[in-house]
Amino acid sequence: MRPSLPVTAWQNLPAAVGKLDPRHLWRSPVILVVWVGSVLTTALSVVHPSTFSVAVTVWLWATVLFANLAEAVAEGRGGAAGGGAVRAVSALGRCAAEAQRPGIAEHVGMLPVDIEPLELSAVIPAGRLIGDGVDWRIAQAVAAALPNAIHPDGRVVLSVDTARYRGTGVEPVESLGAVVQAAGINCA
């Protein structure tokens, strides 16, 4: 069972503070701009202190910190089962799951998972895997789950048929039915 949100937030507070590094913020331009504003208003508050400048400074720092905290909590919750990896369901995998277990695909959107869209960036690697003999129903998920620049730890695949992934190099694979049930979603 997962810890409550306040406990998770408290546990992820050090990670949120660590994300205040401008090298991390560079990937989120809006928060980077708020961070720059926070630094400037902090300097202004030190040089010319007033109630207004201090209030704006506190508000901006709180915005940056809570944005980073939300990201850290999401990463912590999404990666709880996969050692830091994010859970993912591919569009093709979702279609195959629906064919195998009618009704389950509509519930996937209620789970804390990445839905990997079937776009050109996904079609090319999936097509290569299919050409190499990987089952078409899992090729997109395999391509999306392997470690890459965006997800260096890879992503956890959710599937109604976890046995299909043996020998693909994708680990771990979780049962989609078990995750849906654990989330308390009834898809009878």
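Distance between the pseudo-spin-label points of A43 and D135 (7 Å out from Cα toward the beta carbon): 5.9 nm.
In sequence order, the stretch 37-44 has phi-based couplings of x, 4, 5, 5, 5, 5, 4, 4 Hz under the Karplus curve 6.51 cos²θ - 1.76 cosθ + 1.60, θ = phi - 60°, and Gly or Pro positions carry x. Our estimate of slack between A163 and V30, defined as 0.36 nm per intervening residue step minus the Cα-Cα distance, is 43.7 nm. What the phi angles of the stretch 7-14 give under the Karplus curve with 6.51, -1.76 and 1.60, with θ = phi - 60°, is a coupling list of 5, 4, 4, 4, 5, 9, 4, x Hz, glycine and proline written as x.
As an exercise, use a Förster radius of 45 Å and the Cβ-Cβ distance of H107 and T63 to find the FRET efficiency, rounded to the nearest 0.05. Don't skip to the answer; put the middle values down first.
On the way: r = 33 Å, r/R0 = 0.74.
E between H107 and T63, to the nearest 0.05, is 0.85.
Amide H contacts for V160 (H built 1.01 Å from N in the peptide plane; partners 5 or more residues away or on another chain; cut-off under 5 Å): L176. Extension gain for A55 to E98 (0.36 nm times residue separation, less C-alpha to C-alpha distance): 10.3 nm.
The numbers here are math on the coordinates, done by the rules we state, and not lab data. This is a predicted model, so every value here is computed, not measured. FYI the Cβ positions are ideal-geometry reconstructions off the backbone, even for glycines, and counts take in every protein chain you see.
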